[in-house]
1. Report the equivalent ellipsoid semi-axes for segment 22-176 in whole Å, largest first, defined as the square roots of five times the eigenvalues of the gyration tensor built from alpha carbon atoms.
2. Have a look at Q271, P241, N252 and report the one farthest towards the positive end of the charge dipole of segment 238-289, computed about the Cα centre with Cβ charges (Lys/Arg +1, Asp/Glu -1).
3. When only C-alpha pairs under 8 Å and at least 6 residues apart count, what is the relative contact order of the chain, in percent?
4. Which shape class, rounded, prolate or oblate, goes with segment 161-289 when its Cα gyration tensor gives a ≥ b ≥ c as root eigenvalues, a/c under 1.5 marks rounded, and past that a/b bigger than b/c marks prolate?
5. Scan around V185 for amide H atoms under 5 Å from its own, H built in the peptide plane at 1.01 Å from N, and keep only partners 5 or more places away or cross-chain.
6. What's the center-to-center distance, using Cα atoms, between segment 215-289 and segment 164-194 in Å?
7. Please give the calculated 222 nm ellipticity per residue for the chain, where each DSSP H segment of at least 4 residues contributes -39500 (n - 2.57) and the sum is spread over every residue; nearest 500 deg cm²/dmol?
8. Antiparallel as a % of all DSSP beta bridges within the chain, to the nearest 5?
Amino acid sequence: MSQIKSFSISKPARYQNAALEYYLGLTNSPYLHYGYWEPLPTSLDELTPAQLRIAQQAYADRLLAFIPPEVKTILDVGCGIGGNAAQLLAHGFTVEGLAPDPFQQEQFLHRTQGNALFHLTRFEDFKGTAAYDLILFSESSQYIPSTEIAQGSKRSLRSGGYLLIADMFRKNADYQQGIFSNCLVVSELEAALTQQGFQLVKVEDISTHVAPTIDICVYYFQTFGLTTLKYIAQLVAIAVPLLHKIGRRLFNRWLKKPIDEAMQAHAVFDQHLCYQIQLWHLPAETEVK
Ligand SMILES: C[S@@+](CC[C@H](N)C(=O)[O-])C[C@H]1O[C@@H](n2cnc3c(N)ncnc32)[C@H](O)[C@@H]1O
């Protein structure tokens, strides 16, 4: 029997989901994350979907390198369409995926070929306890409040387990409106995790290595997306002038601002955001001094 669940999703998160679908169409890859560009591109010509797929694989490899050797079982929270999970399975880990999205469930199960369980739920509602050696949030922390990440991870990890978070974060809490405003404030996440007894093992700032992905998205949107939109608008203006007039009003009222902001995404990112990979450890009771 098919399982139908409905989840309430905030407006910024819905904007992010729309961006994810656009991104998926652009990359045609098993990953929904930004990737890790190394070497950094030196011209627009190097911003191609093929290069982006290479960057995404490099990011997945980088996450792997953060996983401590004693880890065997992993819960992949916000697992997307299963790219990271398939890679983890290939490296011998036992993996379970979790996401509140039936489309991703289907893709995840297909990609992991029945070798990984999937939980169709929000992390906030997940009831798993003391089960995993490591919980991975690969670009999914931005959808979940810091306190829920900290408390839920403590509950679901085995004693002495690890938390691996890779995501875009707000550098300060003052940035509250706009395309990236759903990202967690880095200091608030740290405070929430510390309060639950997590200790930071390792952190790496990879902002400059993810930024080219913002550039490629803007570049493609500008060159193909907006150009196509303008062409269609011209056709409508010729064929049905009244519809064009109404469409133009609606565009100016509802779409112009988010599109203008999307065009400025790199500058917004530089000013207000950073991208970090963080490894946290939850010491076993006996390890706590
Ligand atoms: C940017 S995608 C990242 C996908 C994947 N981890 C990757 O690295 O390719 C964000 C993921 O977070 C999931 N997500 C959104 N809200 C969530 C929530 N409340 N609990 C768990 N996952 C959530 C989305 O469905 C999606 O799978």
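1. 25, 19, 16
2. Positive-end residue among those listed: P241.
3. Relative contact order here is 19 percent.
4. prolate
5. Placed amide hydrogens put R170 under 5 Å from V185.
6. 19
7. -13500 deg cm²/dmol
8. 45
Bear in mind that the values in this text are calculations on the coordinates, not laboratory data. The structure displayed is predicted, hence computed values, not measured ones. FYI the Cβ positions are ideal-geometry reconstructions off the backbone, even for glycines, and counts take in every protein chain you see.
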